[in-house]
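The values are calculated or read from the model by the stated rules, or taken from the named source; none is laboratory data. Given the structure is predicted, the values throughout are model-derived calculations rather than measurements. Backbone-built Cβ (ideal geometry, glycine too); neighbour counts: all protein chains shown. These area figures cover heavy atoms from the full protein model, side chains too; ligands, DNA and RNA do not enter into them. Shrake-Rupley method; radii C 1.70, N 1.55, O 1.52, S 1.80 Å.
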Amino acid sequence: MSGTSEGPSAPAGTASGVPPAPVTERHAATAGPPPPAAPHPDAGPPGPAAASGPDPAGAPGSGECSAASELRDHRAAFNAAALPMGVIDGRGHVVRANDALGGLLGAPAAVLTGRQASELLDLASDERTWHAYREVLLGRRSRFRCARRLKHPDGRFLWAEITVVPMTGASATEPARVLLTVADVSDRRELQERLRHLQMHDPVTRLPNRTLFFERLATVLETPPYQDDSMPARRQARIGLCYLDLDGFKAINDTLGHRTGDRLLAAVAARLTDCAENDASRNAGGNRLVARLGGDEFAVLVEDSAGTEELTDLARSVLAALQQPFDLAGQRLSVSASIGVVERVAAGTSPTGLMQAADTTLYWAKADGRARWTLFDPERNAHRMTRQSLSSTLRPAVERGEFTLEYQPLVGMADGVLRGVEALVRWNHPQFGVLPPNRFVQIAEEDGSIVQLGRWILRTACRQARRWQLDHPDEPPLFISVNVAVRQVWDSDLVADVAEILTETGLSPGLLQLELTESAVMGSGGRPLRALQALSDMGVRIAIDDFGTGYSNLAYLSRLPVSVLKLDGAFVKGFRYEDGAHPSPADETIVEAMVQLAHRLGLTVTAECVETAGQAERLRRIGCDTGQGWLYSRAVAPEQIAGLIGSRPLEG
């Protein structure tokens, strides 16, 4: 480690452009520091202008004698000083060295004369230090200081603080020289390193802490500019990270106490260190750093990794090691961990980006069931980022009018005549294009924006149904079916919203059908059940969507205000002949039983996903009332629905 510092800029008017600069070293206090602007010990007698005052005796030559005496005093102080010092000429050669400098370097002071100071004190080992040192020698810099690790003659290493400052006394005949001092700062350096170690390491596990981990990570990912072109292999260097936390660690702290929790963390740290060392012995390459990032979170950083396989092998070994029971002061504990694994090319990777990927992958491991490792998947992450983007823009999108409705026909199975339509929402996203409801409805349900969006869908659909009715007064009016999320029932006054919209649009309640999923309806109680009952009393039809895939509590149907069952398309797909497979007798039996049960309860049945005439014929024979699917039509714009009203049967 080395550093440089520069003193104040030179004042104007100094000889040869070399400013006087104070030299202060507290380490030389016992022998007396050199004067702040000392002439060098080899300087000749100063001229008359340099005299300090008139000759006290008034005799000729007394000024020269005084200067010579002062010079002898300076030389004596220089030689006797405990602080190692040397006078260096403009070419970097030692002109004079004191005994302390000779003792430090293990050679008599006289032997050092003529040697290059940069070689004796390792000042040319890096470009920055060498440049700063040369600037002082050339008189273009007023001070230079650096730290160097030197080997003492007794074999031990010490840290030395080296200071170089210009000296006064230069003239046209006398070249400029500099004073070099060397202070042993090993004790101070050792104290600093101990304090840094305490600051950078976790007191419980003695592992590097979060601060040191990110410092090391930033260093690993930093590529000096001069390596960009000259070292192409460096750009292909890879980095790997296993980011883990313990499953259920909070329960251990809460039940057994924090002391036991700390012992467990220390034991986990030891096993992680063993795994990292074993991995390093199997795979020659970069270093492994095990760190505790906080709480029960740990990280294993692999520099210059050999590839994804190395990281996944490490993750497996960590899981296996942690699954072995821990014996902690008579207590036997078993824990597991979830690990997020990231491995990639180091070039172009930032510490923040790497940790975000690791954190996301750890979350996947937790969501996938814990006690496992999960490898970062760019496609899965892109989907997550897209989902996050949709979530953040969904509410404003309603206000900006980015949603539209399309309508899919509901056709009578007996005659193929259009009876109603289901409203299906589409999001015209400015970035991702047209999105179907399965891309954003669940997000809307999670963040609560489904209430605002659902209200807009209901109003738009009812207004459209009323417009069709007014435009075709001689045809039977179409009913409109609208999907409702259970959160709309809990988080808003759905009954009041429906009543207001029906009044506003003029649509008859009997022409509105609200669809809820089977799992939502079957578990309804309290407020949701009262809301459904109030809507049914109003005349609105209630339909159970995707029937047959949820609870299927058939006995509960008799206590719900339900008018329609919509059979899940999975049953209807079992009726196909066209793909070469025989139809499923079980599916046909189940559908027939559900249709008969629904009719006995006074309910009508709609079959979803009807795609072929063969399916339609079998469903008609079983007794389904209405059908919906691509056999009749995909979801289309309202203008196309208007063209189907009163037309021939839709079945192809």
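Screening THR255 with (1) polar (S, T, N, Q); (2) open to solvent by less than 10 Å² (accessible area, probe 1.4 Å); (3) in a helix (DSSP H, G or I) gives one miss only, at (2).
In the set (1) of a type in the set (D, E, K, R); (2) open to solvent by 40 Å² or more (accessible area, probe 1.4 Å); (3) under 14 Å from VAL182 (Cβ atoms), ARG148 fails one condition alone, (2).
In the range 413-431, the count of residues that are without any contact (Cβ under 8 Å) to a residue 60 or more places away in the chain, open to solvent by 40 Å² or more (accessible area, probe 1.4 Å) and either small (Gly, Ala, Ser) or in contact with a helix residue (DSSP H, G or I) (Cβ under 7 Å, 6 or more places away or on another chain) (or both) is zero. Of all residues in the range 605-634, those that are polar (S, T, N, Q), assigned to a loop (DSSP other than H, G, I, E, B) and crowded, with 21+ Cβ neighbours inside 10 Å total 1.
For first residues located in the range 383-396 and under 15 Å from ALA357 (Cα atoms), partners that are open to solvent by less than 50 Å² (accessible area, probe 1.4 Å) and part of a helix (DSSP H, G or I) and lie 6+ apart or on another chain with Cβ distances below 7 Å form the pairs ARG384/THR360.
Considering only the range 126-154, state which residues are assigned to a loop (DSSP other than H, G, I, E, B) and either on the phi > 0 side of the Ramachandran plot or touching a residue at least 12 places away in the same chain (Cβ under 8 Å) (or both). Across the range 126-154, the qualifying residues are ASP126, LEU138, GLY139, ARG140, ARG141, SER142, ARG143, HIS152, PRO153.
A single member of ALA320, ALA306, ALA357 is touching a Phe, Trp or Tyr at 6+ places or on another chain (Cβ under 6 Å), of a type in the set (A, V, I, L, M, F, W, C) and closer than 22 Å to ARG288 by Cβ, and it is ALA357.
Do we have ASP625 as of a type in the set (Asp, Glu) and closer than 28 Å to GLN469 by Cβ here? Here the answer is yes, as ASP625 does meet what is asked.
Of the helices (runs of 4 or more DSSP H) entirely within the range 305-405, those holding at least 3 residues that are at negative phi and in contact with a strand residue (DSSP E or B) (Cβ under 7 Å, 6 or more places away or on another chain) occupy 308-323, 351-367.
SER338 meets the conditions (1) closer than 30 Å to HIS383 by Cβ; (2) open to solvent by 10 Å² or more (accessible area, probe 1.4 Å); (3) of a type in the set (Ser, Thr, Tyr) in every case but one. The failed one is (2). The set of residues in the range 325-335 that are open to solvent by 60 Å² or more (accessible area, probe 1.4 Å) and free of Cβ contacts under 8 Å to residues at least 24 places away in the same chain comprises ASP327, GLY330, ARG332, SER334.
Just for the range 278-319: of the residues that are more than 25 Å from MET200 (Cβ to Cβ), free of Cβ contacts under 8 Å to residues at least 60 places away in the same chain and open to solvent by less than 50 Å² (accessible area, probe 1.4 Å), which one is nearest to the chain's Cα centre (by Cα)? Filtering the range 278-319 for residues that are more than 25 Å from MET200 (Cβ to Cβ), free of Cβ contacts under 8 Å to residues at least 60 places away in the same chain and open to solvent by less than 50 Å² (accessible area, probe 1.4 Å), the one nearest to the chain's Cα centre (by Cα) comes out as LEU319.
For first residues located in the range 448-467 and closer than 14 Å to GLU504 by Cα and at pLDDT 95 or above, partners that are part of a helix (DSSP H, G or I) and open to solvent by less than 10 Å² (accessible area, probe 1.4 Å) and lie 6+ apart or on another chain with Cβ distances below 6 Å form the pairs LEU458/ILE501; ARG459/ILE501; CYS462/ILE501. For the range 635-648, filtering for residues that are hydrophobic (A, V, I, L, M, F, W, C) and not in a loop (DSSP other than H, G, I, E, B) leaves 4.
Entry remark, the range 104-124: residues being more than 53 Å from the chain's Cα centre (by Cα), crowded, with 16+ Cβ neighbours inside 10 Å and at pLDDT below 90 number 1 in total.
Return a yes/no flag: does the range 90-103 have any residue that is within 24 Å of PHE157 (Cβ to Cβ) and either modelled with pLDDT under 65 or surrounded by fewer than 15 Cβ atoms within 10 Å (Cβ to Cβ) (or both). No - not one qualifying residue is present in the range 90-103. Look at (1) surrounded by 13 or more Cβ atoms within 10 Å (Cβ to Cβ); (2) under 30 Å from LEU644 (Cα atoms) and you find that GLY401 fails only one, number (1).
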